Amino acid sequence: MNENASQLTVEERLIELCNACNEGQLAGVELELHQWHRQRDCPDAALVLLAALLSRRGKHDDAAQVLQYAERAMPVRDASMMMAMICVFTLLDMPEAAGKQVRRLHARHGHLPYVAQWIGSMKITGSESLPDQSDAIISQLSRELCETPLVLCSLTAAMKVAPNEQHIDALRHAGNLMMHRVSLSIDMETELCRSMADLALLAEDEADARRWAHRGLKVNPLAAHLAIVLSQVEDHAYMGPAARDVLAKVNEAKPAYPDVHAALIRREFFDGDTQVARMRLTNWLETEPSNPTALRLRKEIAA
């Protein structure tokens, strides 16, 4: 092999070794890789090549040790090298190690179409349970939301018109990250909590919807939409005040908000206080006999 290896760049040395493999000089390449693989400048590709050469000679345990050493020293991050490691682990009949690499590959690079297609074609045990959205795309979306947080409100509105389960899930994860990273005014935090609560309702996650509603109401106790969100989920004493109490407070402060008034009556009715609910609705219709929200609510309760 090359006696002047120390004078070559890492890339040049690796290319030379690969060319030597293609020319059949496998023993010499393996010997040089043995000398190189514990040095700091040894790249991931060289370690994978060494493991492949060892595995080719039936030295499966030695190949596994090389790869595991590489992971302990510095986890492989390049997509191509991670894919190569998965192949070697699979050939070595090490499903747990292969599965771990698949999960890492998906989390870091799963948003890339060719990686997603490769993972699907390999059918490694556990790959069928990978999440639809990779950590990388969630992180990227979160960074973009940090720059323009209120874009989340527009994206949430779009999901309410045309729901997409994967997009809703991605927005919820990215929104969670974003809310921990940015400083918000009261108005902005209220609006973002509203969006996060709406996304949770779209995902049928009542507990998370309740959590975001209460968070928003702590900074803005008269947020009408968040009060209405609470009216759609069960109360939880440890999370905050009961929905009826919140709705009554907002209704008193904003008597011109028919949706809040209707939500309060509806909540009282379904909580079992039907007489109180009917009386409140009767008083409303006496004051506004043609109010469309009140008329719809009367039909709803009658049904």
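A few notes on this one:
- Among the residues making up the range 196-216, those that are among the aliphatic types (A, V, I, L, M) and crowded, with 23+ Cβ neighbours inside 10 Å are Met196, Ala197, Leu199, Ala200, Ala209, Ala213.
- Those residues of the range 226-250 which are open to solvent by less than 30 Å² (accessible area, probe 1.4 Å) and free of Cβ contacts under 8 Å to residues at least 24 places away in the same chain, in sequence order: Leu230, Leu247
- Within the range 137-187, the residues that satisfy the criterion of being surrounded by 15 or more Cβ atoms within 10 Å (Cβ to Cβ) and of a type in the set (Ser, Thr, Tyr) are Ser139, Ser142, Thr156.
- Filter result for Pro131 (at pLDDT below 85, surrounded by 13 or more Cβ atoms within 10 Å (Cβ to Cβ) and not polar (S, T, N, Q)): yes
- From the list Leu199, Leu171, the lone residue that is under 26 Å from Ala262 (Cα atoms) and either under 22 Å from the mean Cα position of the chain (by Cα) or not in a helix (DSSP H, G or I) (or both) is Leu199.
- Residue pairs whose Cβ atoms lie under 7 Å apart, separated by 6 or more positions or on different chains, with the first residue in the range 276-303 and closer than 14 Å to Asp259 by Cβ and the second open to solvent by less than 90 Å² (accessible area, probe 1.4 Å) and among the basic types (Lys, Arg), are Leu297/Arg266.
- Pick from the range 276-303, criterion within 16 Å of Ala248 (Cα to Cα) and either of a type in the set (S, T, N, Q) or within 42 Å of the chain's Cα centre (by Cα) (or both), ranking: most open to solvent (accessible area, probe 1.4 Å): Asn283
- Residue match in the range 15-25 (condition: at pLDDT 80 or above and within 16 Å of Asp62 (Cβ to Cβ)): no
- Only listed residue being hydroxyl-bearing (Ser, Thr, Tyr) and under 30 Å from Gln166 (Cβ atoms), chosen from Thr274, Thr190, Thr293, Thr282: Thr190
- Residue within the range 36-59 that is free of Cβ contacts under 8 Å to residues at least 12 places away in the same chain, part of a helix (DSSP H, G or I) and open to solvent by 50 Å² or more (accessible area, probe 1.4 Å) present: no
- Matching entry among Ala253, Ala262, Ala223 (being over 23 Å from Asn176 (Cβ atoms) and surrounded by 22 or more Cβ atoms within 10 Å (Cβ to Cβ)): Ala262
The values are calculated or read from the model by the stated rules, or taken from the named source; none is laboratory data. Please read all numbers here as calculations on a predicted model, not as lab measurements. Every residue, glycine among them, receives a Cβ derived from its backbone with ideal geometry; neighbour counts consider all protein chains shown. Accessible surface is based on the protein model in full, side chains and every heavy atom, while ligands, DNA and RNA are left aside. Shrake-Rupley method; radii C 1.70, N 1.55, O 1.52, S 1.80 Å.
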